[in-house]
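Enquirer: Encoded as structure tokens, here's the structure I'll be asking about.
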Amino acid sequence: MNTGGFYGIIRLMSPKKVVAMIFIFAGLGTVAAFVTVVFLKSRKPTAGLKIETIPTATIFIDNAQVGQSPFENTFKPGEVTVKLIPDSVSTSLSAYETKVRLTNQVFTVIKREFATSEAQSAGEIISLQPQSTKTSGLTVISSGPESVSVVLDGQPQGFTPLTVDSVAPGDHQLVFSAPGFASRTTTAKAVAGFRLTINVKLSALNDQTVLIPTPTLSATPSATPTGRLSPTPRVKSSPPPTLAKPYVLIASTPTGFLRVRSSPSKLAGEIGQVKPGQAFPLLGVQSDWYQIKVDLSSTTSGWISSQYAQKFE
């Protein structure tokens, strides 16, 4: 730019216009500096990630090796892919890979106990997600098995997937359990304004089959000599004679239990569980669902799938 011409223009301008022009250029400089600061802050790692494993493991974040467990560092908020390769020379252990969403100003914790197979491995992912209310909530899901019992501070809460709208801020003890799986206990902290989220994975007690064999009342054995379960979709023996008709008898299930739901739909919430061999009064029938009379903590009736129940009228 021709500086002589520029100063010549300024000499021809009135004092008020010169002052206004100075403020315009000063303002543009301030805006540029503010945008630069915001841009630098947006690139600053503010989301924490903590990883604990048994045994130690080599850690990869988005396919880049970042160290070994125990591990603790900060990253930019957002979704990352975490891969853990256990360090073991004596036994071949199953590696682990998952995606987690890192939250600003929050530490996400991954705990993993490796085994020779995915079924026998265990662990949990604990994080906090911001919510609109000032209270603290709890959400628990399970990546294995599908339905896990959740006990919060000694009080049963139900089965996964589980949502508790309000929990007291502070440290809480959670116990997770399911038939045929080793129970797991962890401690997590609830914070006001955030929802505590836990994704739990239990270890199967028998790696040969995750399905839990349940004895039936029929004379046919439930397992073949090779140790594999033979299908027994229904209990074939007569139900207890003391129960008045109509009633249903719970048949053998692949999981060792049958879910009781709040309404006749697989999408309805689970309110309890019943065991094969148990009999319950029949209250109603709707499509492929039976409504039974059953004593639960929250109600005295619920719906079960007719696929695993035998009706007597």
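The values are calculated or read from the model by the stated rules, or taken from the named source; none is laboratory data. Since we're looking at a predicted model, the values are computed, not measured. Backbone-built Cβ (ideal geometry, glycine too); neighbour counts: all protein chains shown.
Enquirer: Looking only at segment 42-49, decide whether some residue is within 22 Å of Val200 (Cα to Cα), modelled with pLDDT of 95 or more and surrounded by 10 or more Cβ atoms within 10 Å (Cβ to Cβ).
Expert: Yes; the residues of segment 42-49 include at least one that is within 22 Å of Val200 (Cα to Cα), modelled with pLDDT of 95 or more and surrounded by 10 or more Cβ atoms within 10 Å (Cβ to Cβ).
Enquirer: Next up: Filter segment 269-313 for residues that are among the polar types (S, T, N, Q) and surrounded by 14 or more Cβ atoms within 10 Å (Cβ to Cβ); which is nearest to Arg259 (Cα to Cα)? Walk me through it before giving the result.
Expert: Narrowing segment 269-313 to residues among the polar types (S, T, N, Q): 273, 278, 286-287, 291, 297-301, 305-307, 310.
If we keep only those that are surrounded by 14 or more Cβ atoms within 10 Å (Cβ to Cβ) too, we end up with 273, 278, 291, 301, 305-306, 310.
Values: Gln273: 5, Gln278: 13, Gln291: 12, Ser301: 12, Ser305: 8, Ser306: 11, Gln310: 15 Å.
Residue satisfying both the conditions and the ranking: Gln273.
Enquirer: Sort out for me the strands (runs of 3 or more DSSP E) sitting completely within segment 147-228 that have 2 or more residues that are over 29 Å from Ser262 (Cβ atoms) and either touching a His at 6+ places or on another chain (Cβ under 7 Å) or at pLDDT 90 or above (or both).
Expert: In segment 147-228, 170-178, 181-190 are the strands (runs of 3 or more DSSP E) which contain 2 or more residues that are over 29 Å from Ser262 (Cβ atoms) and either touching a His at 6+ places or on another chain (Cβ under 7 Å) or at pLDDT 90 or above (or both).
Enquirer: Residues of segment 145-174 being without any contact (Cβ under 8 Å) to a residue 60 or more places away in the chain, closer than 20 Å to Leu202 by Cβ, buried (at least 17 other Cβ atoms within 10 Å of the Cβ) and not polar (S, T, N, Q), which ones?
Expert: The answer is Val148, Val150, Leu152, Leu162, Val164, His172, Leu174.
Enquirer: Just name the residue that is farthest from Glu118 (Cα to Cα) out of those in segment 75-96 that are of a type in the set (Val, Ile, Thr) and surrounded by 14 or more Cβ atoms within 10 Å (Cβ to Cβ).
Expert: By that ranking, first place goes to Val80.
Enquirer: Conditions first: (1) over 25 Å from Thr103 (Cα atoms); (2) under 14 Å from the mean Cα position of the chain (by Cα); (3) modelled with pLDDT of 90 or more. Leu128 passes all but one, so which condition is the exception?
Expert: Answer for Leu128: the failing condition is (1).
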